[in-house]
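S.K.: Before anything else, here's the structure in question.
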Amino acid sequence: MDKLIELLKALWEVGILPALLILAIVHLRTVVDGNAKMTTVLDIAEKAVEWAEDNFDGGAKQKAEALKYVSDKLLKLDKAHLFTASEINTAIEWAVLKMKGMD
């Protein structure tokens with residue numbers, strides 16, 4: 001146990017341990033921010049799919065309107081630059097599956 005403590009002290013003194021801690025914090029922050037980012041678009045996609053289902057007939061029209069709804073909401077939140085078209089499309093498809101009870 002003493003040797004482990006000595007090793008940790010040495011790693012701290014030469015700066016390796018602090019660097020590893022900083023990398024770990026940055027990684028955890030990236031994971032948390034990514035989850036928050038996806039939660040935002042998934043919540044908006046759910047509302048968009050429900051809205052499109054209530055207001056439009058037909059699959060292609062509903063999907064196009066849902067895409068527009070999500071894009072407009074993300075623009076209003078100043079978050080549109082955070083998402084690719086593919087991520088938005090995937091979120092809408094996920095919301096459709098969830099609405100149908102297939103998630």
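S.K.: Taking K and R as +1 and D and E as -1, what net charge do the other residues with C-beta under 13 Å from the C-beta of Asp72 add up to?
M.R.: +3
S.K.: Let me ask another. Considering only protein heavy atoms, what is the solvent-accessible area of Glu50 at a probe of 1.4 Å, reported in Å² to the nearest 10?
M.R.: Near enough 100 Å² of accessible area.
S.K.: Near Lys98, which lysines are there with a Cα under 26 Å away, not counting those fewer than 8 places off in the same chain?
M.R.: Lys37, Lys47, Lys61, Lys63, Lys68, Lys73, Lys76, Lys79
S.K.: Give me the 1.4 Å probe accessible area per residue for the chain, excluding ligands and nucleic acids, in Å².
M.R.: Computed with neighbouring chains in place, this is 73 Å² per residue.
S.K.: Still on this structure, I have one more. Hey, if we sort Leu4, Leu74, Leu17 by accessible area with the 1.4 Å probe, largest down, what's the order?
M.R.: Leu4, Leu17, Leu74
S.K.: Quickly work out the Ile5-to-Lys68 label distance, labels modelled 7 Å from Cα along the C-beta direction, and quote it in nm with one decimal.
M.R.: 6.9 nm
S.K.: Please calculate the 1.4 Å probe accessible area of Trp12, with all protein chains present, and give it to the nearest 10 Å².
M.R.: 140 Å²
S.K.: Moving on. If you build a Gaussian network model of the chain, linking Cα atoms that sit under 10 Å apart, which residue out of Ala24, Ala48, Ala91 swings the most?
M.R.: Comparing Ala24, Ala48, Ala91 in a Gaussian network model of the chain, the most mobile one is Ala24.
S.K.: Which one is right for this structure if Cα Rg over 2.2 N^0.38 Å is calculated from it: (i) 1.09; (ii) 1.34; (iii) 1.72?
M.R.: (iii)
S.K.: Using heavy-atom solvent-accessible surface (probe 1.4 Å) with all chains present, what is the largest-first order of Asp78, Asp57?
M.R.: Sorted by accessible area, descending: Asp57, Asp78.
S.K.: Sort Leu82, Leu11 from largest to smallest accessible area, using a 1.4 Å probe on the heavy atoms of the protein chains.
M.R.: The ordering from most to least exposed comes out as Leu82, Leu11.
S.K.: Determine the share of region 10-80's accessible area contributed by carbon and sulfur atoms, expressed in whole percent, with a 1.4 angstrom probe.
M.R.: Answer for region 10-80 is 63 percent, counting heavy atoms of protein chains only.
S.K.: Just need the relative contact order of the chain here, percent rounded to a whole number, with Cα pairs under 8 Å and 6+ apart.
M.R.: For the chain, the relative contact order is 28 percent.
The values are calculated or read from the model by the stated rules, or taken from the named source; none is laboratory data. Note that the structure is a prediction, hence the values are computed from the model and not measured. Counting neighbours? That spans all protein chains shown, and the Cβs are built from the backbone with ideal geometry, glycine included. In case anyone asks, the SASA skips ligands and DNA or RNA and just uses the protein heavy atoms, side chains included. Shrake-Rupley method; radii C 1.70, N 1.55, O 1.52, S 1.80 Å.
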